[in-house]
Amino acid sequence: QLGGEETTSPAVKMLVYVALLALAPALFLMVTPFTYVVTVLSMTRQSLGVNAIPPNQVITGLAIFISLYMMLPVLTQLYEEVWIPLQEEDMGVVDAFDVARDPVHGYLLDNTYETDIETMLQVSSSEVPEASEDLSMLVLVPAFALSMLKKGLTVGLLIYFSFVFIDMIISSLLMYMGMMMLPPMIVSLPFKILI
């Protein structure tokens with residue numbers, strides 16, 4: 001209500017939009033499963049034994065679109081409940097942030113390990129809230145990022161072990177056949193790519 005107006009002034013809107021654009025990469029990394037997806041894809045590439053295929057740009061692009069797809073219900077809800085009323089000036093910027101908090105908070109809470117939440121509460125010396133809905137975003141966002149990293153490393157490790165198992169089988173077969181000078185990676189790579 002700057003200047004006695006009921007609606008948000010264009011200057012304030014522009015300031016909010018520029019601030020959101022500046023924070024968008026950090027927000028995207030911290031409140032989406034991007035960390036999880038890019039960790040799994042990177043470990044899969046590493047376990048294949050080819051460090052340049054697929055390139056980093058492809059892995060990052062895939063991780064972005066998979067992350068957006070995983071968050072599609074939340075993004076749709078934010079678009080319908082926040083973005084449209086904000087554009088039609090049915091809601092102020094402060095109200096928009098309040099409305100947007102609930103779906104994002106629920107998504108983060110559903111996908112965060114309790115141990116990570118407890119860790120972040122201890123690190124920040126915060127009191128444990130009575131209800132999980134009362135958790136601060138300053139506690140929940142880093143706890144979610146830690147959970148995504150843990151999940152990504154766990155899934156990536158399982159994929160890595162399966163490819164190591166293929167390498168072991170191929171190297172044992174080559175040794176049995178007397179082809180000890182042939183690198184097992186040359187033979188196992190096509191099998192790993194097929195899998």
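We did not get these values from a lab; they are worked out from the coordinates using the rules stated. None of the values given here were measured: they were computed from a predicted structure. For neighbour counting, all protein chains shown are included, and Cβ atoms are generated from backbone atoms with ideal geometry for every residue, glycine included.
Within region 10-30, the residues that satisfy the criterion of being surrounded by 11 or more Cβ atoms within 10 Å (Cβ to Cβ) and either over 21 Å from LEU68 (Cα atoms) or touching a residue at least 60 places away in the same chain (Cβ under 8 Å) (or both) are VAL12, LYS13, LEU15, VAL16, LEU29, MET30.
One residue stands out in region 50-59 among those that are surrounded by fewer than 16 Cβ atoms within 10 Å (Cβ to Cβ) and in contact with a helix residue (DSSP H, G or I) (Cβ under 8 Å, 6 or more places away or on another chain): the one that is nearest to ILE186 (Cα to Cα), namely VAL50. Residue check: ASP95 meets all listed conditions (1) over 20 Å from ALA145 (Cβ atoms); (2) free of Cβ contacts under 8 Å to residues at least 60 places away in the same chain; (3) assigned to a helix (DSSP H, G or I); (4) touching a helix residue (DSSP H, G or I) at 6+ places or on another chain (Cβ under 8 Å) but one, namely (4).
Which count do you get for residues in region 70-88 that are in a helix (DSSP H, G or I) and exposed (fewer than 15 other Cβ atoms within 10 Å of the Cβ)? Step through it out loud before you land on a result.
Start the filter on region 70-88 by keeping residues that are in a helix (DSSP H, G or I), which leaves 70, 72-87.
Within this subset, residues satisfying the condition of being exposed (fewer than 15 other Cβ atoms within 10 Å of the Cβ) are 72-73, 76, 79-80, 83-84, 87.
So the count comes out to 8.
Residues LEU174, LEU189, LEU158, LEU149: which one is more than 14 Å from GLY49 (Cα to Cα) and touching a residue at least 24 places away in the same chain (Cβ under 8 Å)?
Values: LEU174 fails: touching a residue at least 24 places away in the same chain (Cβ under 8 Å); LEU189 fails: more than 14 Å from GLY49 (Cα to Cα); LEU158 fails: touching a residue at least 24 places away in the same chain (Cβ under 8 Å).
Result: LEU149 is the single residue among LEU174, LEU189, LEU158, LEU149 that is more than 14 Å from GLY49 (Cα to Cα) and touching a residue at least 24 places away in the same chain (Cβ under 8 Å).
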